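Have a look at the structure below, then the notes.
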Amino acid sequence: MKNKSIISLKDISKDELMYLMKRAKEVKEGKYGNFLEGKIISSLFFEPSTRTRLSFHSAVKRAGGDIIGFASAGSSSTKKGESLGDTIKTVSGYCDLIVMRHHVEGAARRASDVTDLPIINAGDGANQHPTQTFLDIFTMLEKKENLDGLNIGLMGDLKYSRTIHSLLVALSFFGVRLYFISPEALAIPERYTDYLDDINVEYEVYKDFKECGKDLDFLYCTRIQKERFYDPVEYESVAGSYIIDKEGLSYLDEETYIMHPLPRVDEIAVEVDEDQRAIYFEQAHNGVPVRQALIGLLLGIIK
Ligand code: CP
């Protein structure tokens, strides 16, 4: 994976994904030490973030590297009208690798076209969020050694959620059955079901997790993202349309793990956090070793 840009899950093979998972496990076990010493990573966040940005920062600092950048477009020269291309060409002279989040779909691909440095897409609009998927799969593999044959529920904003759009591609590498659970207005876009049909991945569609919860090994829940709606009326019509609370837990199997990329709003009640099936904070914390391993591989330091 040396020098590769990570823009979309569709650029990654199953072998590469599993290789990354193995190296991330070794990083988590403390095998590599200060392997980023002398390296500078740029962290360019044109859109808000807590987990992705700070776990990248933690990942770099814990491995002995330096990280520079900005947390919002408003604190960069984008505010003065600088183009994305010019920003990327400029920053390329300051670092060894660029992590970038942007609200525009395709922005990460555009960035990778104007630099020879590896670009990591930390989320581009409603399109892709590959490193979230890497930590999601890593977390699933910590709970179940093999994902083949598992039933995985993907619930919530299936239309606009980049975490779902990336994750379903990675899950398609394994012999899983997918359960899409959402209000009709937020159904998974046809381009993704066409993709699944083409590669013979089986899926079912539900409006309520209570109809299929007992069958699931993982229920991956997402936030209904107000910021992705053009029409506030459309948002209001679907906001709060599903909630996992203590009562909702009774519709899941005793071994159904509950995941969420976070942040959450009201889709998982705080009372669920104490349940042994709730693994979303564990999931968020796995962002550090997984992102460390990815940076190490892209810079050719981890082989
Ligand atoms: N999961 C995720 O991308 O969270 P942030 O928006 O806080 O980075």
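Regarding segment 12-21, can at least one residue be identified that is modelled with pLDDT under 95 and open to solvent by 20 Å² or more (accessible area, probe 1.4 Å)? Step through it out loud before you land on a result.
Let us first name the residues in segment 12-21 that are modelled with pLDDT under 95, namely none.
No: zero hits.
So, L117, is that one out of contact with any strand residue (DSSP E or B) (no Cβ under 9 Å at 6 or more places or on another chain), modelled with pLDDT of 95 or more and either more than 13 Å from the ligand (Cβ to nearest atom) or in a helix (DSSP H, G or I) (or both) or not? Show your work before the answer.
Values: out of contact with any strand residue (DSSP E or B) (no Cβ under 9 Å at 6 or more places or on another chain): no; modelled with pLDDT of 95 or more: yes; either more than 13 Å from the ligand (Cβ to nearest atom) or in a helix (DSSP H, G or I) (or both): yes.
Here the answer is no, as L117 does not meet what is asked.
Among the residues of this structure, L262 counts as one that is assigned to a loop (DSSP other than H, G, I, E, B), assigned by TED's automatic domain parsing to the domain that holds K144 and either in contact with a strand residue (DSSP E or B) (Cβ under 6 Å, 6 or more places away or on another chain) or modelled with pLDDT of 95 or more (or both).
Taking segment 46-65 on its own, how many of its residues are more than 12 Å from the ligand (Cβ to nearest atom) and part of a loop (DSSP other than H, G, I, E, B)?
Here is the first cut: in segment 46-65, the residues more than 12 Å from the ligand (Cβ to nearest atom) are 46, 58-65.
If we keep only those that are part of a loop (DSSP other than H, G, I, E, B) too, we end up with 46, 63-65.
Result for segment 46-65: 4.
Checked against (1) within 16 Å of the ligand (Cβ to nearest atom); (2) basic (K, R); (3) assigned to a loop (DSSP other than H, G, I, E, B), K159 passes all but a single condition, namely (1). Taken residue by residue, segment 110-119 has at least one member that is outside the structural domain of G213 (by TED's automatic domain parsing) and in contact with an Asp or Glu (Cβ under 8 Å, 6 or more places away or on another chain). Could you tell me which residue of segment 120-145 is nearest to the ligand (Cβ to nearest atom), considering only residues that are closer than 24 Å to K14 by Cα and either in a loop (DSSP other than H, G, I, E, B) or free of Cβ contacts under 8 Å to residues at least 24 places away in the same chain (or both)? By that ranking, first place goes to H129. Could you go through segment 215-233 and let me know if any residue there is closer than 30 Å to K61 by Cα, of a type in the set (S, T, Y) and part of a helix (DSSP H, G or I). Within segment 215-233, not a single residue is closer than 30 Å to K61 by Cα, of a type in the set (S, T, Y) and part of a helix (DSSP H, G or I).
Considering only residues in segment 234-254 that are assigned to a helix (DSSP H, G or I) and of a type in the set (D, E), the one that is farthest from V270 (Cα to Cα) turns out to be E234.
Scanning segment 52-89 for residues that are in contact with a His (Cβ under 9 Å, 6 or more places away or on another chain) and open to solvent by 30 Å² or more (accessible area, probe 1.4 Å) gives G69, L84. Among the residues of segment 23-42, at least one is of a type in the set (F, W, Y), modelled with pLDDT of 95 or more and open to solvent by less than 30 Å² (accessible area, probe 1.4 Å).
The values are calculated or read from the model by the stated rules, or taken from the named source; none is laboratory data. For clarity, every value in this text was computed on a predicted model and none was experimentally measured. All Cβ positions, even for glycine, are placed from backbone atoms using ideal geometry, and neighbour counts span all protein chains on display. Quick note on the areas: whole protein, heavy atoms, side chains included, nothing else; ligands and nucleic acids left out. Shrake-Rupley method; radii C 1.70, N 1.55, O 1.52, S 1.80 Å.
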